[in-house]
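Colleague: First the structure, then my questions, so here it is.
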Amino acid sequence: QVQLVESGGGLVQAGGSLRLSCAASGLTFSRYVMGWFRQAPGKEREFVAGISWTGVSRYNPDSVKGRFTVSRDNAKTTMYLQMNSLKPEDTAVYYCAADRGDIIGTMSWQYDYWGQGTQVTVSS
């Protein structure tokens, strides 16, 4: 059974940092594209960042703009999202997802497995 468990969310002031983790089990982690998505109240889920099993990364420039860094540790079957210079508009539930494909997709439907999400709240 595939499980993706996010952690590291919380409440932070604007300008602060958080590091999210996504611990994966039940899959051959090193062969999966991994992605981070987020969903704010009343908005659609949007792609934030993704990383291939070789470590190539891709970002949503509109939402990240050089502030976030995605990484993975295949030995620990864990993906990370380092978020710096956080803004109130970054407030959302952040989800990690896994895709058996070879391309870093930006659409939700491209991903096969999802975590339950972790809340990130940035106060002004």
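Only the coordinates and a few stated rules stand behind these numbers; no lab work does. Being a predicted model, the structure only gives us computed values, none of them experimental. Note: ideal-geometry Cβ built from the backbone for every residue, glycine included; neighbour counts use all protein chains shown.
Colleague: Calculate the dipole size of the chain relative to its Cα centre from +1 charges on Lys and Arg beta carbons and -1 charges on Asp and Glu beta carbons; express the result in debye to the nearest 20.
Modeller: 200 debye
Colleague: If I model a spin label as a point 7 Å beyond the Cα along the Cα-Cβ vector, how far apart are those points for Q119 and I103 in nm?
Modeller: 3.7 nm
Colleague: Continuing with this model, one more query. Are there any trypsin sites (Lys or Arg not before Pro) in the range 1-97 that are in a DSSP loop and have at most 15 other Cβ atoms within 10 Å? List them by number.
Modeller: Answer in residue order: K43, K65, R67.
Colleague: Follow-up. Based on the Cβ-Cβ distance from E89 to Q1, what FRET efficiency comes out when R0 is 35 Å, to the nearest 0.05?
Modeller: Efficiency, rounded to the nearest 0.05: 0.50.
Colleague: If I model a spin label as a point 7 Å beyond the Cα along the Cα-Cβ vector, how far apart are those points for R19 and T54 in nm?
Modeller: 2.7 nm
Colleague: Another one. What are the principal axis extents of the Cα atoms in the chain, in Å, biggest first?
Modeller: 40, 25, 23 Å, listed from the longest principal axis down.
Colleague: Let me ask something else. Please report the spacing between the Cα centers of the range 1-23 and the range 88-104 in Å, no decimals.
Modeller: Using only Cα atoms, the two centres lie 11 Å from each other.
Colleague: If amide H atoms are built 1.01 Å from N in the plane of the peptide, which residues on other chains or at least 5 residues away come under 5 Å of the amide H of G10?
Modeller: The list, which skips near neighbours in sequence, is V120, T121.
Colleague: Are there GluC sites (Glu not before Pro) in the range 40-124 that DSSP puts in a loop and that have at most 14 other Cβ atoms within 10 Å, and which ones?
Modeller: When the GluC sites (Glu not before Pro) of the range 40-124 are filtered for loop state and at most 14 Cβ neighbours within 10 Å, E44 remain.
Colleague: May I pose another question? When every alpha-carbon pair in the range 12-55 is counted, what percent end up more than 18 Å apart?
Modeller: 48 percent
Colleague: Starting from the Cα coordinates of the range 53-108, work out the convex hull volume and express it per residue in Å³.
Modeller: It is 103 Å³ per residue.
Colleague: May I ask you to derive the relative contact order of the range 63-104, considering only C-alpha pairs under 8 Å and at least 6 residues apart, and to give it as an integer percent?
Modeller: Relative contact order here is 30 percent.
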